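Down below is the structure, laid out as structure tokens.
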Amino acid sequence: MELRTRLLIGGEWVEGSDRFPTVNPATEEVIAEVEEAGTAEVDAAVRSAREAFEDPAWRDMDPHRRSKLLWRLADLVQENLEFIAETETRDNGKPAFESAKVDLPFVVANFRYFAGWADKLSGDVIPVSGPFLNYTLREPLGVIGAIVPWNFPLNIASWKLAPALACGNAVILKPAEETSLTALLLGELALEAGFPPGIVNVIPGRGPITGQAMVEHPGIDKIAFTGSTETGRIVMRSAAESLKKVSLELGGKSPNVVFADADLAAAARGVTTGIFYGKGEVCAAGSRLFVEASIKDEFMDVLVARAAGMTVGDPTHPKTRLGAIVSKAQHERVLSYIESGISEGAVLRAGGKPASVDGRGFFIEATVFDDVKPDMKIAREEIFGPVLATLAFSDLDDAIDQANETIYGLAAGVWTRDVGKAHRDGRRENAGTGWVNTYNRYEPGSPFGGWKQAGCGRDLGERAREEYTQTKSVWVALD
Ligand code: NAD
């Protein structure tokens, strides 16, 4: 494969109305100039998606065949995994280990999982009065606009594409402007797999230009969005005009709660990966650590030593575990949160400084703050970087009250050997995903999404079928 920089619309690679550079954050070099879809290209993508959706070649396609197409796409991603993973690492700055061993295998597994759903979208037969047969059908929505972020570029694209295609929709995918390259490669593989032209369109572009034009376009039936809570609000507001459906997977400030009776070595490992995996650019990052007061000093010593051992490195090196922050803007944003933590009086125990590899790149040290107070900015706002805020708690009730004191509700972790306590804590945490004695586990079959301002709707699992189908109730007179 080779890099693609043009828009994929209706099976053709076309020019956009503008271009923008995409930068390797580890070297600060421009990798490529990517074409941007303006309103005219968004409109062309919608027309081609609509035509392809209504074409009997897709609309009436035998579901077993749709399943095979998804499976074939998974095979093609697998065959090209090395090149796609390298591209993801160059574009995003994430370690090669994460791209090649975690993100891309998840993409493959996800297309396979949803290949399995394509021929199992059955409805119900409803018992009704009188001589009638009443049954329901699950029908596709039509044209899905998928707008995705830069932190797991291809992975999250697959969270939208796989179920949308399995359910028989056509898709227009807009990757984040920082990381467009792997989405374009996926578009190429979708064509090669045999999806009819126009069923998968990929149109890079900046959010307020391409994304906004998609959300406002009356020809798109649903926006499947993953990104920040702030942008989610704009998307929901703009979508109201054409009353299109939206699902929103948004930000988080997830708590990781460590009780005194936990396996502290395991908890220290889990807390470390919970915040530093993916450079902390993970929606469900365990960015607020709550430690039971009686063991806090002991636990923090272990944790700080682990954080100090997480040195930044060249993302292409297989041993690197802390890569480059995705962009200069995000680098500055994360550093400004570190400054605010210091100026508000939190105790900096590890990291806290920008870093570089061979004198270049937007790196930041693994950073741990202690003695954070609940009203500090670093305890309340999503930083989306390798910065951990630690607070103390006295007992279970105090832990839960503090953990739930947030506008978000994406995920929550708890570490304890007491099974009853784990479940009591889990039941009361306001979160779409709970992890007990583990953190950051995902599978294509397990639903993922947020409570409160972390979003609405669910990605993955059986639940995703409902996001990409609509129900039709059919009445048949039997007399
Ligand atoms: P972002 O909101 O800035 O951008 C997300 C996408 O929205 C991008 O493609 C962007 O171009 C587009 N966009 C921006 N403005 C737009 C507009 N006005 N109209 C339409 N589209 C627009 O988010 P980001 O910085 O790329 O990603 C980080 C955020 O994503 C974090 O808040 C993180 O928590 C969240 N996230 C959530 C999940 C989840 O599953 N809940 C997963 C990953 C990331």
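The values are calculated or read from the model by the stated rules, or taken from the named source; none is laboratory data. This structure is a prediction, so every number in the text was calculated from the model and none was measured. Cβ placement follows ideal geometry from the backbone for every residue including glycine, while neighbour counts extend to all protein chains displayed.
Across region 453-465, what is the total count of residues that are more than 15 Å from the chain's Cα centre (by Cα) and within 12 Å of the ligand (Cβ to nearest atom)?
Residues that pass the stated criteria total 1.
So which residues in region 417-467 are in contact with a Cys (Cβ under 9 Å, 6 or more places away or on another chain) and of a type in the set (A, V, I, L, M), if there are any at all?
454, 464
For residue 241, work out the one condition from (1) within 15 Å of the ligand (Cβ to nearest atom); (2) modelled with pLDDT of 95 or more; (3) out of contact with any helix residue (DSSP H, G or I) (no Cβ under 6 Å at 6 or more places or on another chain) it doesn't fulfil.
Looking at each condition in turn, residue 241 falls short on (2).
Across region 311-348, what is the number of residues that are assigned to a loop (DSSP other than H, G, I, E, B), at pLDDT 95 or above and closer than 30 Å to residue 82 by Cβ?
Qualifying residue count, region 311-348: 16.
Which one of these does residue 65 not meet: (1) over 24 Å from residue 29 (Cα atoms); (2) in contact (Cβ under 8 Å) with a residue 60 or more places away in the chain; (3) among the charged types (D, E, K, R)?
Failing condition for residue 65: (2).
For (1) more than 12 Å from residue 444 (Cα to Cα); (2) of a type in the set (Phe, Trp, Tyr); (3) within 14 Å of the ligand (Cβ to nearest atom), each residue gets a yes or a no:
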residue: 95; (1), (2), (3): yes, no, no
residue: 100; (1), (2), (3): yes, no, no
residue: 110; (1), (2), (3): no, no, yes
residue: 121; (1), (2), (3): yes, no, no
residue: 126; (1), (2), (3): yes, no, no
residue: 130; (1), (2), (3): yes, no, no
residue: 136; (1), (2), (3): yes, no, no
residue: 145; (1), (2), (3): yes, no, yes
residue: 153; (1), (2), (3): yes, no, yes
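What about residue 3, is it crowded, with 23+ Cβ neighbours inside 10 Å and touching a residue at least 60 places away in the same chain (Cβ under 8 Å)?
When the stated conditions are applied, residue 3 does not pass them.
Taking residue 260, is it assigned by TED's automatic domain parsing to the domain that holds residue 167 and more than 8 Å from the ligand (Cβ to nearest atom)?
Judged against the criteria, residue 260 is not a match.
I'm trying to understand the selection: among the residues of region 162-187, which are assigned to a loop (DSSP other than H, G, I, E, B) and either in contact with a Gly (Cβ under 8 Å, 6 or more places away or on another chain) or buried (at least 24 other Cβ atoms within 10 Å of the Cβ) (or both)?
Result: 167, 169, 175, 176, 177, 179, 180.
Of all residues in region 221-234, how many are more than 6 Å from the ligand (Cβ to nearest atom) and farther than 19 Å from residue 459 by Cα?
Number satisfying all stated conditions: 1.
Looking at 442, 468, which is the one that is within 15 Å of the ligand (Cβ to nearest atom), among the aromatic types (Phe, Trp, Tyr) and surrounded by 15 or more Cβ atoms within 10 Å (Cβ to Cβ)?
So the residue among 442, 468 that is within 15 Å of the ligand (Cβ to nearest atom), among the aromatic types (Phe, Trp, Tyr) and surrounded by 15 or more Cβ atoms within 10 Å (Cβ to Cβ) is 442.
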